[in-house]
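Single-structure report; data block below.
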Amino acid sequence: MKLMMSDFPVAMGETASEFFVKMRGPKDSPYEGGTWKLRVTLPQQYPYKSPSIGFCNTMFHPNVDEASGSVCLDVINQTWSPMYELVNVFAVFLPQLLLYPNPTDPLNGTAAALLMKDKKGYETRVREYVKKYASQDISMGEEDEEEEEEEATSRSEKASNSGSSSGGETASPKLGPMSGGSGSGSGMDTTSDKKPSKPVEKDVLEDLDAELEAGIQNELSDADEPSDL
């Protein structure tokens, strides 16, 4: 299928006859800058019978039903030919419809009346709808949603891991050698190079006391003797 090989993103639907196509608004139109997701359903008689095409996100256009997204386009509804390719619908037919709406055969009466009475007001309203409903990128089915969920889960896990590694773990203090130690084992100096002083013996103390007492008595006796003048 040429549509699958084109620049239009395509995602399969719930059945083999249903798929979704992403289309951007044509340049030089009030729809420029918008992105729409369209549902395509192929009948059993395709390509001899035209496909059913509708906008998934809201579109303000005289020939598009605002509630259901159904498209009123002669080349699809009445003059369809088996010679047409689906890629022609998104590359030519729908862009032409957005560039040149037909207010005389409307599905949206409000848009058709505004276009006929006030074209600038109509274009302003279209841009408002584009900004509100078609300015952001849209999901293209279950595959994109699964990828978005996986990315969100991955981001959450990364944030959780980052938080636990920065604040959840408590660093154990490192024990270094204590000051004054030998630097080996537990770092504490349990031995000393200094030998304990030998206790003074009792008899030595007694000898010292006797010598001091004798010296004091000698001094006193010398002081009592009369001096020769």
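Bear in mind that the values in this text are calculations on the coordinates, not laboratory data. Computed from a predicted structure; not experimentally measured.
Things worth noting here:
- Both radii were evaluated on the Cα set of the stretch 3-142; the Rg over Rh quotient, with Rh as the Kirkwood radius, amounts to 0.95.
- Overall form of the stretch 86-126 per C-alpha gyration tensor (a/c, 1.5; a/b vs b/c): prolate
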